[in-house]
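Trainee: Quick one: the structure is below, and I'll ask about it shortly.
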Amino acid sequence: MNSTTLKRIYISCAPGLEPGLIREARELGIKRDKSKQTTDTVSDLPTGEDKGGIEFEGTDAQIYQCNLHLRTASRVVVRLGEFYAAAFSELRKKASRLEWEQYIRPGQSVAIKVTCHKSKLYHSDAVAERVLGAIEDRLLRAPKTAENDKLVQVVLVRLVNDLCTISIDTSGELLYKRGYRQAVAKAPLRETLAAGLLYAANYQGKTPLVDPFCGSGTIPIEAALIARNIAPGINRRFAFMDWPTFQKDVFQLDLDKSRKDIQSTDQFFYAADRDRGAIDMATANAARTGVNGNIQFACHAVSDLPHFDIPGSLITNPPYGIRITSSKDLRNLYASFGKVLRNSYQGWQVGILCSEEALMAALEIGPAQKVIHLINGGISVKFSLFTIS
Ligand SMILES: C[S@@+](CC[C@H](N)C(=O)[O-])C[C@H]1O[C@@H](n2cnc3c(N)ncnc32)[C@H](O)[C@@H]1O
C-alpha cells in the first residue's frame, strides 16, 4: 500500500453547499464519480447525485489535501468496505476481512457510529459490538472504545437494505472547526457554511467585502482566508495523522507549500456589529488566523453603516426570529437595513441569510436573483442574492 493506491473517498458537506464543494474539489484536481449516488454515512441526507457530498477515487495524498484545503467540506471519509450482512456472524466475519491495520493501531481507541435502515440487523449497539469484534479478530487485539474523546478513530457503519458500508473518518473533529474560533457571539455560523455562502455569491477575494452583522466574524474571516489563499486546515490536526500508514513527509510537503502560497491582499474587509462583546470576539478570532490586519472591525448599528466608493460584496447573516429573538422589532431592523442598502450600496452584490420571508420583504430591495436553500442550526434558511440597483 503506498501513497498512490486508489481508495474510494467520500467528502460530505451541509445540504445546499454541494455546488461550492464541487467547484472547490475541481480546483484541487479531483474528478468526482458521478455514477455513485451516495449520501453521508452518518446522517440521513436525501439520496441523489451529489446530495450531501461527492465521491471519487483518490490517493492518501488526496485525502490529506481535501482535509487541508476544502473550505465547504464537513468531513472526508474513506470507504473501507461494502458487503451484504443479514446476520451478526456474517457481519463480523466479513468485516474482519477488511484492512483495518491501515487505519487503526492495535489497542487504539475507536468510536463506532452506526445507522441502520430497512435491514435485518437494526440494533445499532449490537452492530457496533460485532464490528469491534471484527477489528479485534483482524488486529489480534481489542480496540478501546470511546464516545467523546477527540483523539479516537471514528468508524462509520451504515446498513441499508442489508448492505453494510464501513467507512473510516479521515478528518477527526468536523472540518468547520478550523481552530481559530475560540470565542463565539450569539448564533454563530459554522465556518463551512460561511465559506459556502461566499462560494455561492461567487466571491473570489478580488473585491471589497462588508458584513454589517458580523457577530464572531465568521463571514469576513472566511472571506479574508479566501483572499489571502490561506488553507482552512493549516492550524489543526486530522484523524489521518494517527494512522499507522500516515505519510508525514507527503502531508508536510503540502502543508509547507500552503504556507508559502499565502498571499497578501489589498482588498478591504469591513465587519461591524452593534454589540461591543461580539466585535471583541471577532477581533480575537481574526487575530488567531493572522487576518486581523486585513479586516476593519467597527462597533455600530446597521443604520450607521458607511458608504464605500468601490462596489463589492455585502454578505451577511442578520438576526432572524428563531435563533436570536422573536421580537417584532426585527421587521424594523430589516426595514432600516434595506434603506441603507438602497441609499448607499447601489451596484453591490448583496447576499443575506435569513429564515423568514416577512423579514426579507421588509428590506424592499426587490426579488432575489438567486435563492439557495440551506440548513443553519437545524432550521431551514434561505440565502438570497441581489444586485442593488
Ligand atoms: C446571527 S448573528 C451573526 C452571527 C455571525 N455571522 C457569526 O458567525 O458569529 C447577528 C448579529 O447581529 C447583531 N445585531 C443585531 N442587531 C443589530 C443592529 N441593529 N446593527 C448591527 N448589528 C446588529 C447581533 O449583535 C449579532 O451579533
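Trainee: Check each of the GluC sites (Glu not before Pro) in region 103-152 and keep only those in coil by DSSP with at most 13 other C-beta atoms within 10 angstrom; list them in order.
Mentor: Sparse-neighbourhood loop GluC sites (Glu not before Pro): 147.
Trainee: How long are the three semi-axes of the equivalent ellipsoid of region 7-169, in whole Å, if each is the root of 5 times an eigenvalue of the C-alpha gyration tensor, listed from largest down?
Mentor: Semi-axes, largest first: 27, 18, 13 Å.
Trainee: Just the number, please: percent antiparallel of the DSSP beta bridges in the chain, rounded to the nearest 5.
Mentor: Numbers: 38 of 62 bridges.
For the chain, the DSSP antiparallel bridge percentage is about 60.
Trainee: Here is a follow-up. Using the count of nearby Cβ atoms within 10 Å as a rough guide to exposure, how do 316, 165, 72, 387 rank from fewest to most?
Mentor: 387, 165, 316, 72
Trainee: Would you mind putting 254-266, 300-312, 189-201 in packing order, based on average other-beta-carbon counts within 10 Å, highest first? Walk me through the numbers on the way to the answer.
Mentor: Details: 254-266: 11.7, 300-312: 14.0, 189-201: 24.8.
Output ranking for 254-266, 300-312, 189-201: 189-201, 300-312, 254-266.
Trainee: Let me ask something else. Around residue 96, with a cut-off of 9 angstrom between Cβ atoms, what is the net charge of the other residues, counting Lys and Arg +1 and Asp and Glu -1? Working shown, then result.
Mentor: On the way: positive: 92, 93, 94, 97, 138; negative: 136, 137.
Charge balance in the 9 Å sphere: +3.
Trainee: Roughly speaking, what is the centre-to-centre gap between region 174-248 and region 293-370 when only Cα atoms are used, to the nearest Å?
Mentor: Comparing the Cα centres of region 174-248 and region 293-370, I get a distance of 22 Å.
Trainee: Amide H to amide H under 5 Å from residue 74: which residues, 5+ apart in sequence or cross-chain, H placed 1.01 Å off N in plane?
Mentor: Those qualifying (amide H under 5 Å, at least 5 residues apart or on another chain) are 12, 13, 14.
Trainee: To continue, here is another question. Charges only on Cβ, +1 for Lys and Arg, -1 for Asp and Glu: so what's the dipole of region 7-169 about the Cα centre, in debye to the nearest 20?
Mentor: Approximately 180 debye in magnitude.
Trainee: Tell me the mean residue ellipticity at 222 nm calculated for the chain from its helices only (DSSP H runs of n ≥ 4, each -39500 (n - 2.57), averaged over every residue, nearest 500). List each step's numbers first, then the result.
Mentor: Numbers: 10 runs with 114 residues, N = 389.
The helix-only estimate for the chain comes to -9000 deg cm²/dmol at 222 nm.
No value in this document is a laboratory result; all are computed from the given coordinates. Keep in mind that this is a model prediction, so the values were computed, not measured. Here the Cβ is made from the backbone with ideal geometry for all residues, glycine too, and neighbour counts use every protein chain on show.
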